[in-house]
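**Q** The structure follows.
Derivation of every value follows stated rules applied to the coordinates shown; laboratory data play no part. Not measured: the values here are computed from a predicted model. In this analysis, Cβ positions are derived from the backbone assuming ideal geometry, glycine residues included, and neighbour counts consider all displayed protein chains.
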Amino acid sequence: MPLKHHTLQPAARLLANQSRRVDIDARSLSAAHHDIGRFLAYGLTDVLELESYTIQHCQGPREGIRIKEEHRIAVVCLMRSGQYLSDGIRDVLREAPLFPVTPCRSVGLSDKDLRMVLSADPHTVVIADAVVNTGESLRPILTQLAARSAARLHVMAAVAPTPTAVKLAGDFPAVTFEYLRLSDNQYVGIGRTDTGDRVFGHIPFNRP
């Protein structure tokens, strides 16, 4: 199923509660995004291929499990607000290379950034962003990657408006979209409410 979200799950609601607050400092907000990224990444293991290998147990060698060819999973971080979400993803995908990129709205990635991502010869590309509002920054990236690579594409974000999420999933049926939650509130932060400005502490925090 290309569209997945955890809106009603108790764990997701607790994580979302922290990320939605305006009365927390920037470091706490960035930590909330980190936790969300880790939560979403563990869900990704449902569709990744796993393999057995030998681990050193306290009682001697035992069979363990790991993600197969983890080094060929490219984590594409949409800067700048996707940084902490991608950090959480890498708590799970520790061997996956990280590619911070700055897309141009309605244009996508530069040719240089595309070559950089594809240089990893990825079998899976995970695109991390904090918030997917209209999807206009994401659409050209998905089109570019699909045209130049056979890698499976996964989008992970903390939140998206329901209409945007449904439209993207319908337009890109081969892409998996996973959100911590969907929202019926089509809200775009500006200035003091912008996610990137808040998570990096670029606006003053009003102490209670």
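**Q** Enumerate by residue number the GluC sites (Glu not before Pro) in region 32-78 meeting two conditions: DSSP loop (anything except H, G, I, E, B), and at most 12 other Cβ atoms within 10 Å of the site's Cβ.
**A** Sparse-neighbourhood loop GluC sites (Glu not before Pro): E49.
**Q** Can I ask one more? Which option, (i) 139; (ii) 161; (iii) 221, is the value of volume of the Cα convex hull per residue in Å³ that was calculated from these coordinates?
**A** (i)
**Q** So how do M79, M116 line up by other beta-carbon neighbours within 10 Å, fewest first?
**A** So the residues, fewest neighbours to most, are M79, M116.
**Q** I'd like the antiparallel share, as a percent to the nearest 5, of DSSP beta bridges with both residues in the chain.
**A** Rounded to the nearest five, the antiparallel share is 25 percent.
**Q** With a cut-off of at most 12 other beta carbons within 10 Å, and DSSP calling the residue loop, which trypsin sites (Lys or Arg not before Pro) in region 6-64 qualify? Please list them.
**A** Here the sparse-neighbourhood loop sites are R21.
**Q** A follow-up question, please. Within the chain, what's the longest run with no chymotrypsin sites (Phe, Trp or Tyr not before Pro) in a DSSP loop and at most 15 other beta-carbon atoms within 10 Å? Give the range, please.
**A** Result, exposed sites excluded: 1-186.
**Q** Moving on. Which of the trypsin sites (Lys or Arg not before Pro) across region 83-188 are loop residues per DSSP, with 15 or fewer other Cβ within 10 Å?
**A** For trypsin sites (Lys or Arg not before Pro) across region 83-188 that sit outside H, G, I, E and B with at most 15 neighbouring Cβ atoms in 10 Å, the list reads R94, R105.
**Q** Right, next: In a shell of Cβ-Cβ distance under 15 Å around I65, excluding I65 itself, what net charge do Lys and Arg (+1) and Asp and Glu (-1) give?
**A** -3
**Q** Please compute the net charge surrounding M156, taking Lys and Arg as +1 and Asp and Glu as -1 over other residues with Cβ under 15 Å from its Cβ.
**A** For residues surrounding M156, the net value is -1.
**Q** If you don't mind, another one. Less than 15 Å Cβ to Cβ from L118, Lys/Arg counted +1 and Asp/Glu -1: what total charge do the surrounding residues give?
**A** Charge balance near L118 sits at +2.
**Q** Can you give the charge dipole size of the chain about its Cα centre, rounded to the nearest 20 debye, using +1 on the beta carbon of Lys and Arg and -1 on the beta carbon of Asp and Glu?
**A** 340
**Q** Just to be sure I understand: with springs between alpha-carbon atoms less than 10 Å apart, which residue in I65, I73, I141 has the highest mean-square fluctuation in the Gaussian network model of the chain?
**A** Answer for the Gaussian network model of the chain: I65.
**Q** Right, something else. Cα-based Rg of region 67-176 per 2.2 N^0.38 Å, rounded to two decimals?
**A** 0.98
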